[in-house]
Every structure is written in structure tokens, then in C-alpha cells.
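Before any comments, here is the structure.
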Amino acid sequence: MPSYTFHCPNCGEFTLFFKSMDGNREQAACPDCQCESGRIYFAPNLFSYSKEVRTRIERGMEPRRMTRGELGPKQARRKQATANRPWQVGN
């Protein structure tokens, strides 16, 4: 059940709950004074995620720059196995 928060110029903030996410929810009538109110956008509720996920979201999931030392030793490329062909160069 989605909930949307709106700001009424006369009454302040109020939250409405809807059965579905269908339709445009940019404007809504205030339940008290029936004045047209605009939607307020909040950051997602990150407290329910693990610390690792929260940290990645807060950092914007930017790739981390690493030094050559952090990458570890260079790994040698393995030559792909080919059929045993003594006449072929490279065996």
C-alpha cells in the first residue's frame, strides 16, 4: 500500500494511503480544507537495509579507485588448449 506525503499551503503536511500506484499522484486535495496540495519527496527509508547496502547507496555506488598494490600480483594468461597438431607453429 503506497503512501504519499503532500504539503497544503493552509494546513501543512499530510499523508495519504492508496490501494495501488496507478495514476498521477503529483497533486491531491487536502482532507481538511480541500485545497490543492503538491507532493513532497523524501529520501528512501534506508534504516531497514544492512549497513553495507546503506553505505553503497549513500556513496552513489561509485567504483572505487585502486592502486596496483591493491590489485595483487599480475596473473599470467593461460594459453587456450588446442588440438595436438605438431605441424602447427606454437606447440
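The values are calculated or read from the model by the stated rules, or taken from the named source; none is laboratory data. Keep in mind the model is a prediction, meaning the values are calculated, not measured. Every residue, glycine among them, receives a Cβ derived from its backbone with ideal geometry; neighbour counts consider all protein chains shown.
The residues listed here are ARG68, ARG64, ARG54; of these, the one that is loosely packed, with under 10 Cβ neighbours inside 10 Å and modelled with pLDDT under 80 is ARG64.
Taking the range 15-44 as the range and being modelled with pLDDT under 90 and in contact with a Pro (Cβ under 7 Å, 6 or more places away or on another chain) as the test, the residues that pass are PHE18, MET21.
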